[in-house]
Amino acid sequence: MKELFLIIGAPGSGKTTDASLIAKDDVNITHYSTGDLLREEVASGSELGKTIDSFISKGNLVPLDVVINTIVTALKNAPTKTIIIDGYPRSVEQMIEFDKVLNGQNEVILKGVIEVRVSEEIAKDRILGRNRGADDNEEVFYNRMKVYIEPLEEILSFYQKKKLHFIIDGERAIEPIVADMRELIKKIQNI
């Protein structure tokens with residue numbers, strides 16, 4: 001059975017960088033970023049990509065069925081037993097639907113939801129300093145923060161009740177964050 005870890009955090013929390021460094025250093029871990037999976041579809045120029053782009057460019061959530069299908073395909077195609085997906089879930093609706101999908105199969109088990117916690121100020125400084133694309137400006141940042149924060153309490157409560165929620169301090173240098181996350185994943189796998 002494949003073991004899934006979800007990494008959540010504010011825009012600019014470093015969740016994608018952290019997860020990709022862990023997977024890069026461990027051939028037994030596959031990392032997918034929902035943002036990257038969706039951006040790859042946009043870059044392909046497909047009709048689906050154009051639809052996705054119309055949401056991403058404004059900082060809004062991509063429709064649920066598109067995101068779930070993207071993630072399920074990635075999970076099925078993952079070459080390793082351990083999979084990290086960052087940037088998901090981003091809404092209560094996504095969380096509930098994904099929970100249903102996971103409960104309706106026996107190939108993948110959710111082992112942990114790791115929150116990379118940073119202040120809004122740090123997140124903003126990081127986002128506005130990276131200049132990655134059209135979705136990296138102040139107005140879009142505040143919209144993305146609002147989209148992230150609105151459902152957060154309910155999402156965290158849901159996973160806390162399942163004893164799957166873990167917190168990493170994301171306001172440090174990247175090396176200790178990645179080391180702590182790597183150690184946490186190993187610890188959870190051995191529970």
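The values are calculated or read from the model by the stated rules, or taken from the named source; none is laboratory data. Source: prediction; values computed, not measured. Note: ideal-geometry Cβ built from the backbone for every residue, glycine included; neighbour counts use all protein chains shown.
Among the residues of the stretch 1-36, how many are hydroxyl-bearing (Ser, Thr, Tyr) and in a strand (DSSP E or B)?
Looking only at the stretch 1-36, we keep the residues that are hydroxyl-bearing (Ser, Thr, Tyr), and these are 13, 16-17, 20, 30, 32-34.
Filter once more, so that each one left must be in a strand (DSSP E or B): 30, 32-33.
Total meeting the criteria: 3.
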Task: Residue, nearest to Glu3 (Cα to Cα), within the stretch 82-110, restricted to residues that are out of contact with any strand residue (DSSP E or B) (no Cβ under 9 Å at 6 or more places or on another chain) and of a type in the set (Gly, Ala, Ser) - done: Gly104
Open item on the list: Tell me yes or no: at least one residue of the stretch 35-53 is in contact with a Phe, Trp or Tyr (Cβ under 8 Å, 6 or more places away or on another chain), of a type outside the set (Phe, Trp, Tyr) and touching a residue at least 40 places away in the same chain (Cβ under 8 Å).
Closed with: no
Open item on the list: Exactly one of these conditions fails for Phe55: (1) over 20 Å from Val101 (Cβ atoms); (2) aromatic (Phe, Trp, Tyr); (3) assigned to a strand (DSSP E or B). Give me its number.
Closed with: (3)
Open item on the list: Give all pairs with beta carbons closer than 9 Å in which a residue from the stretch 62-81 that is over 15 Å from Leu48 (Cα atoms) meets a residue that is of a type in the set (Gly, Ala, Ser); count only pairs at least 6 apart in sequence or on separate chains.
Closed with: Thr80/Ala23
Task: Conditions (1) modelled with pLDDT of 95 or more; (2) touching a strand residue (DSSP E or B) at 6+ places or on another chain (Cβ under 7 Å); (3) not aromatic (Phe, Trp, Tyr): number failed by Ala78 - done: (1)
Open item on the list: Let me spell it out: the conditions are (1) crowded, with 20+ Cβ neighbours inside 10 Å; (2) of a type in the set (Ser, Thr, Tyr); (3) within 18 Å of Ile68 (Cα to Cα), and Ser13 meets all of them except one. Which number is the exception?
Closed with: (3)
